[in-house]
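What follows is a set of notes on a single structure, which appears directly below.
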Amino acid sequence: MSTRLFNRFARERMAGRKLYVPFVTAGDRGLAFTKKAVLTLVQSGADAVELGIPFSDPLADGPVIQRASQRALERGTTLPQVFKLVAELRQVTDIPILMMGYLNPFLQPSLEQNASLAAKTGVDGFIIPDFPPEEATDWNRICATKGLDTVFLVAPTSTPSRMQAVAKAATGFVYYVSVTGTTGMRTQLPTTDLGAGIEKVRKYTPLPILVGFGISTPEQARKTSEISDGVIVASVLINAMEKTKNDAAALKRLAGLSRQMAHAVKNR
Amino acid sequence: MEKIKHKDGWFGEYGGCYAPETLMPAIAELKAALAASRRDPAFKRELNELSKNYVGRPTPLDFAQRLTTSWGGARVFLKREDLNHTGSHKLNNCIGQVLLARRMGKRRIIAETGAGQHGVAAATVCARFGLQCRVYMGTEDMARQSLNVYRMRLLGAEVFPVDSGSKTLKDAMNEAVRDWITNVRTTYYMIGTVAGFDPYPTMVRDFQSVIGKEARQQVLAQAKRLPDAVVACVGGGSNSMGIFSGFVLDKKVRLIGVEAGGRGPGLGEHSSTLTKGKVGVLHGSRSYVLQDAYGQIAPTHSVAAGLDYPGVGPELAYLKDIGRAEFVAITDKQALAAQRELSQLEGIIPATESSHAIAYGKILAKKLGKKALMIVNVSGRGDKDLKPEDIA
C-alpha cells in the first residue's frame, strides 16, 4: 500500500475533510503541459491526481475524455513517457499520483515491468476500468509487493457479492461510479441511490469511498462529498481547457474551476 | 469441443472477461441464462425449429466439380452458408441469442456490424420477434456496404453511424459497448462474433457449431470419408470456429483459417491478427491483437469490411498456439480474383470475406493433390458487395 496516498487520505479524514481527486489526460496538449496542469491541480487543493493514460479505444469513456485521449495519441504520447513525467514531477511534488487507463497499454511489454517502472518513478497506484478483480489477481499480487495501490470500481449495477469482491481487492480507496454510463458531464446525479449504494459498500470495507463519473459543478461536488469520502472530477476540467487554444489560458481555467471544486468538497 | 476441458471462459491463456464493473452483473446474468437454456429441452426445440423453418437449415454441402477440375488438385466441397436466410452464417448466432434475450426479458437489442451481415441478421431476428434494434456501424463501412444499411433500415432497425477512429468494425464495437454500459438494465448486446467478454466466445461458437456438425455428417454421407482440410475465412472468427468445431477432434483434418492480407504486410495495411498480431486485451478478452509497441490498437485494412478488425476470437488464438489450426493471409487482390472465379465456374457469388477462403483453397488444392478432399466454407453471399460501378 502506498504510504503517500494512505497518509494523505488519512490526514484529511482525521481532520474531517473530504477528498478531492482531479483527473487530466497525460499528453493532451503535450506532456510539458501535463506537468504544469498537475502542479496547477496540486496548488488548487487536490489530495491526489489521476493521470489518464491515453488509449486508442477508450470504451468506458464519453466524448470529452475520448477526444483528450485522441489528442494525446496524435502527439505520440506513450506510457514510458508518462512514467518519465511522473519521475520529473516527483522532483517537485509529493502529491499522490494514480494512473488511470485501459489494460492493453499496461500489458506492453508486461505488467511486471510497468509495475516496476511505476514504483521506481513514484507512481502510487492504478485504476484500470477494464480489469475487474476476477482477472486481476496476479496484478494485485505484483502491485502489493511493490507498494502500489490497486483501486477497483463499484457501479450502480453491482450486486452485494460483487461489492464485496471489489472491496476486498481494492487498496487505497474504492471508486464508486455515480451513474450507469460512460464518463462525461451530467446535469443531474442520482444522489439518493448513490448514498444508499455507498452505505452498502461501506459494510465491506474501511477504505475511503470516492465517487466519480459525471460530477460537473461545484454544487454536485459538494453534495456528493456529503454522502461519500470525496469526489473524482475529470471531464468538466478537460472540457474547460479544450475550449481555448492558448495553453496559459487553459491552465488559468483549470486552476479556477479546480479551486472551486476543491473548495466545495473541503469547506462544506 | 466437449472433450477439450478449459477453465470456465478460458482457452488456455486466452479469453476471460475484461469488462467494466457496470457490465459485470449483466454478463453474469447472461451466463446464468445461457446455462439455464442449455439444460432446457424447450430452448433446443425452439432453436432447431427456427433453424429449419426460418433460417433454412441444413445448408448444403456442395461438390464443386468445375472448380475442382480448374484448380487441378483436391476435390473441393463448398459448405453453403451463403444459402441461409439473410445470406450468411450470421443468422445462426442471432436466432440463438434472440431466444436468450427474450428469456431474459430484454426488449432492446444492440449490435455492432462491419460488413453489415451481422447487423442484417440482428435486425432480422428483432423484426421476427418484435424487438427494438439499434446497429452500430462505422461510416466507412456504411459507405462500402450501403445495400446492407438499406436492408437493416427496411427491417425496422436503426443504423447508428460511428465516425470515430478508423470508422470500421472496431469503432462500431466500442460504441456498442458504450451504449450497453449506459442502457445495461434494459438492453441485450448481441455480439456477432466469437470475441468479446466471456461467455460470448463460447456462446457464439456453440450457436455457430451447427455449421461444423452438418458439414461433418454431410461429408461422411457424400464422400464416405473425412476431409483432409477445412478452410474458412477469419475476421473475428465466427464462421471458422463454427465449422472448425465440428472437426477439431478429428486430428487428421487440417483446420486452416484465412485472414485478410489486405494491401500488404505493413502494420495498418492488413487485418491478419493471428499471423501478425501479439497478445493483448481488446473488447473484453485476451487474444492476439494488432497493436503498436505501446499497446495502442493499430488501424487495419481489408477490402472485406467483415474481416477488417484488429482482434480475433480467443479460442482461435488457442488453436493456433497448440498447433491445431493453421492461419494464412490472402490479399485483397487474390480475394477479388477468387470471387470472380467462383462466380464464373460455379455460379456462386461469394461474399468478399468468404472469397479469402476460396482464394486459399485454390493454393491448397494443388498442394494437397488429386486424392485429397477439402471443404471450403462459403460463409456468405456476395450480393452486398456489388456496386454499379464495378459491374463492367
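One table, with the values for the structure above:
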| quantity | calculated |
| --- | --- |
| Matching helices (runs of 4 or more DSSP H) fully within the stretch A:194-268 where at least 1 residues are under 20 Å from residue A:28 (Cα atoms) | A:235-242, A:247-266 |
| Residue in the stretch B:31-52 that is within 14 Å of chain A (Cβ to nearest Cβ) and surrounded by 16 or more Cβ atoms within 10 Å (Cβ to Cβ) present | yes |
| From B:175, B:112, residue being touching a residue at least 12 places away in the same chain (Cβ under 8 Å), within 19 Å of residue B:236 (Cβ to Cβ), outside any strand (DSSP E or B) and within 14 Å of chain A (Cβ to nearest Cβ) | B:175 |
| Test set (1) more than 30 Å from residue A:179 (Cβ to Cβ); (2) out of contact with any strand residue (DSSP E or B) (no Cβ under 7 Å at 6 or more places or on another chain); (3) modelled with pLDDT of 95 or more - residue B:5 fails condition number | (3) |
| Residue identified as buried (at least 21 other Cβ atoms within 10 Å of the Cβ), touching a strand residue (DSSP E or B) at 6+ places or on another chain (Cβ under 7 Å) and among the aromatic types (Phe, Trp, Tyr) among A:131, A:126 | A:126 |
| Residue that is at pLDDT 95 or above, among the polar types (S, T, N, Q) and farther than 26 Å from residue A:240 by Cβ, where the choices are A:43, A:70, A:66, A:108 | A:108 |
| Test: residue in the stretch B:18-40 that is touching a Pro at 6+ places or on another chain (Cβ under 8 Å), outside any strand (DSSP E or B) and within 27 Å of residue B:324 (Cα to Cα) | yes |
| Pair list, Cβ < 8 Å and 6+ apart or interchain, from the stretch B:280-291 residues that are at positive phi and more than 7 Å from every other protein chain (Cβ to nearest Cβ) to residues that are outside any loop (DSSP other than H, G, I, E, B) and of a type in the set (Asp, Glu) | none |
| Residue match in the stretch B:99-111 (condition: closer than 26 Å to residue B:228 by Cα and of a type outside the set (Asp, Glu)) | no |
| Matching residues, the stretch A:77-122, being away from every other protein chain (no Cβ under 14 Å) and within 23 Å of residue B:279 (Cα to Cα) | A:112, A:115, A:116, A:118 |
| Residues that are among the small types (Gly, Ala, Ser), within 14 Å of chain A (Cβ to nearest Cβ) and assigned to a strand (DSSP E or B), drawn from the stretch B:292-326 | B:311 |
| Subset of the stretch A:140-155 that is surrounded by fewer than 22 Cβ atoms within 10 Å (Cβ to Cβ) and not polar (S, T, N, Q) - its residue that is farthest from residue A:99 (Cα to Cα) | A:141 |
| Of all residues making up the stretch B:145-172, the number that are over 19 Å from the mean Cα position of the chain (by Cα) and within 14 Å of another protein chain (Cβ to nearest Cβ) | 6 |
| Matching residues, the stretch A:156-175, being surrounded by fewer than 22 Cβ atoms within 10 Å (Cβ to Cβ), part of a loop (DSSP other than H, G, I, E, B) and either on the phi > 0 side of the Ramachandran plot or at the interface with chain B (Cβ under 7 Å from one of its Cβ atoms) (or both) | A:157, A:159 |
| Residue among A:202, A:186 that is surrounded by fewer than 18 Cβ atoms within 10 Å (Cβ to Cβ), of a type in the set (D, E, K, R) and more than 21 Å from residue B:283 (Cα to Cα) | A:202 |
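The values are calculated or read from the model by the stated rules, or taken from the named source; none is laboratory data. Because the structure is predicted, anything quoted here is derived from the model rather than measured. All Cβ positions, even for glycine, are placed from backbone atoms using ideal geometry, and neighbour counts span all protein chains on display.
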